[in-house]
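Working notes, structure below.
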Amino acid sequence: QVQLVESGGGLVQPGGSLRLSCAASRSIVSSTVMGWYRQAPGKERELVARIATGGSGYTNYADFVKGRFTISRDIVNNMVHLEMNSLKPEDTAVYYCDAVFDFKEYWGQGTLVTVSS
């Protein structure tokens, strides 16, 4: 069993920045991929960004965050971060950390990001 704990959410004004963190209870090098998803009220959960936790650390992003968000990995501390810049009101959502270990997918409890003036 793997636990994922997100942190870093909160209220921010449009144009502001936040950094989300996801701490894994197991070494992330034993995972295949980790990522961030989000779910806005009344909408389906959608992919934000993913990163390969081994090798080159290949990343991919949803089009709506390209150039604004950056996903990164911290292998020493078993964490994945999501740096979010130029935030927009439409980025308001619960952000979830996701990881695949041994072909099984795990989710965190989510952290709320609210972008509002």
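The values are calculated or read from the model by the stated rules, or taken from the named source; none is laboratory data. Everything numeric here is computed off the predicted structure, so don't read it as measured data. All Cβ positions, even for glycine, are placed from backbone atoms using ideal geometry, and neighbour counts span all protein chains on display. The area values use the complete protein model at the heavy-atom level, side chains included, leaving out ligands, DNA and RNA. Shrake-Rupley method; radii C 1.70, N 1.55, O 1.52, S 1.80 Å.
Charges were assigned to the Cβ only: +1 to each Lys and Arg, -1 to each Asp and Glu. The resulting dipole of the chain about its Cα centre is roughly 100 debye. Note that the chain presents 52 Å² accessible area per residue, ligands and nucleic acids not counted, probe 1.4 Å. Extending 7 Å from Cα along the Cβ direction at L11 and again at R45 yields two label points whose distance is 2.7 nm. Looking at the P(r) of segment 1-47, how many percent of alpha-carbon pairs lie beyond 13 Å? Result for the distance tail: 69 percent.
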